[in-house]
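Trainee: Have a look at the structure that comes next, please.
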Amino acid sequence: ALGGHRRFCDGGAWRCRWCECKAEETQGKGPGPDGPSSLCAPCNRRWVAGHTGPPARDASGQYLCELCGRGFETIPGLGTHRSRCDGGVWACAWCRCSAGETSGKGPGPDGKQTLCSVCSARFRAGHSGPPAKTEAGLFVCERCERTFETFAAPRAPKRRR
């Protein structure tokens, strides 16, 4: 055990050349532009993907998404976000709500993630569009013509396990 440890021990001096994390703060080391074991595992993945440096950080030290500007504590957190980030331009094909106004995206007649979760539920139930609106912008029930300010149904409380 000690022999294996001593083989790779640097006395705590190693730091990633991009994000400055310590060896204890990462899952491993990887090659980078400065040679073998010069980057932490997340920075190594960025380098392999073609990036030439660490992601931008804000004044509080959070890593920033280049597309939408949202901040994250860790590079893996940023990477997970980036795989789904639309740069703030996505809108539901039916009700035109933004990604920030919905609890998720779902399938619609034009393919995956084209509708907000509420419109997607309507689509899966057989509807061909969002509910009708009055001139005042209220939603109208197609059965009783009662009007509502919001489109989504009230959420049921979560069950305790």
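The values are calculated or read from the model by the stated rules, or taken from the named source; none is laboratory data. Note that the structure is a prediction, hence the values are computed from the model and not measured. Protein only, heavy atoms only, side chains kept; ligands, DNA and RNA dropped before computing areas. Shrake-Rupley method; radii C 1.70, N 1.55, O 1.52, S 1.80 Å.
Trainee: Name the single residue that is farthest from C21 (Cα to Cα) among those in the range 64-83 being open to solvent by less than 50 Å² (accessible area, probe 1.4 Å) and not in a helix (DSSP H, G or I).
Mentor: Here the answer is G69.
Trainee: Has the range 36-45 got at least one residue that is open to solvent by less than 60 Å² (accessible area, probe 1.4 Å), part of a loop (DSSP other than H, G, I, E, B) and more than 30 Å from G88 (Cα to Cα)?
Mentor: So far as the range 36-45 goes, no, none of its residues is open to solvent by less than 60 Å² (accessible area, probe 1.4 Å), part of a loop (DSSP other than H, G, I, E, B) and more than 30 Å from G88 (Cα to Cα).
Trainee: Name the single residue that is nearest to T74 (Cα to Cα) among those in the range 13-34 being more than 25 Å from the chain's Cα centre (by Cα) and part of a loop (DSSP other than H, G, I, E, B).
Mentor: R17
Trainee: Quick one: how many residues across the range 89-128 are open to solvent by less than 30 Å² (accessible area, probe 1.4 Å), part of a strand (DSSP E or B) and within 15 Å of F151 (Cα to Cα)?
Mentor: Of the residues in the range 89-128, 2 are open to solvent by less than 30 Å² (accessible area, probe 1.4 Å), part of a strand (DSSP E or B) and within 15 Å of F151 (Cα to Cα).
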